[in-house]
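Every number in this text was worked out from the coordinates using simple rules, so none of it is lab data. Worth saying up front: this structure is predicted, and the values here are computed from it rather than measured. Using ideal geometry, Cβ is built from the backbone for each residue, glycine included, and neighbour counts are taken over all protein chains shown.
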Amino acid sequence: GERKKEEVKAAEKKSERPPKRRCISLWRNPFYVAEMRSKFFGRPTFIIRSLYTCVAISILLLILVARAYATSASADTVRWVAVVYQVGLVALLAPLVSSGAITDEITGKTMLSLRMTPLSALALVAGKLKASLVYVSVFLAASLPVMLSLAAMEAEGAFWRVGIWFGILVLTALVLTSAGLCASAFSQQTAVATGISYGFAAVICVCTFGVLLPGAFDLQTQRMVLTANPIVASVRVTSNELFAQLPDAVWVDHIALMLVVSVALLSAASVRIYGIFSCRT
């Protein structure tokens, strides 16, 4: 009798179906939903710990702002620290999140399934890009105290500078995410795509400072190269003294350039994925 009851219970457990997930709405991008379920909600512990770290660093920057009013630390010093921290955070996260967007599908043997769907290559790129940007934006939102610290140092009526700086950060995330996605589309392994993505981030964020070497380049060349640097654009829009050799509206040229680069990278990735989808072999 007891054995039979146990067998019946075991059979009932096997027959139980796992809870069904809600169907994806027709107006939502299924690639975006799949990425959010696997990356964003699949590793909550890592995200929470990382958010704690971002908030802690932001609080330290707030303390630095307080010291700037009580000691000899200048406001430009605080700006430098805040800008480098924020841009560095984006430069570290964006390539890491997006560089495996396509290569993971190839190594995971799921690319064939994607090719069989009626969705286009552009939908795949848009879904992967949107999920990566949401992932990065969560960490940017955790750094809002940094924004408030800079706003506290601005004179009344100059808060627009902080808004433009935040826009530059979002655009930097877009460019680096697009670069990672493009590298992933043209690579066979995630490690290769990650290396290319970080190389691109290092070029625009670090290597462009090489034009500041004394006597190496003329002023016109410095202006052209530094226009691509998000750190320079952010510091220039929040400070009237740093990088004074550059025009006041250098951030306008930076935004225009980064938008063009983003469109070019996303277009290249879309064309490459379209070729993969169209391949018959």
(request) State, to one decimal in nm, how far the label point of Thr107 lies from the label point of Ser278, with both points 7 Å from Cα in the Cβ direction. (result) 2.8
(message) Quick check for you: which residues of the range 195-224 have the amide N under 18 Å from the point 7 Å beyond the Cα of Leu242 toward its beta carbon?
(response) 204-213, 223
(request) Could you grab the relative contact order for the range 170-263? Cα pairs under 8 Å, six or more apart, rounded to a whole percent. (result) 29
(message) Taking 0.36 nm per residue of sequence separation and subtracting the Cα-Cα distance, how much length would be gained by fully extending the chain between Phe186 and Ala249, in nm to one decimal?
(response) 19.2 nm
(request) Note the full-extension length gain between Met116 and Ser38 as 0.36 nm times their separation in residues minus their Cα-Cα distance, in nm to one decimal. (result) 26.0 nm
(request) Please give the FRET efficiency for Asp218 paired with Ala268, using the beta carbon to beta carbon distance and R0 = 25 Å, rounded to the nearest 0.05. (result) 0.20
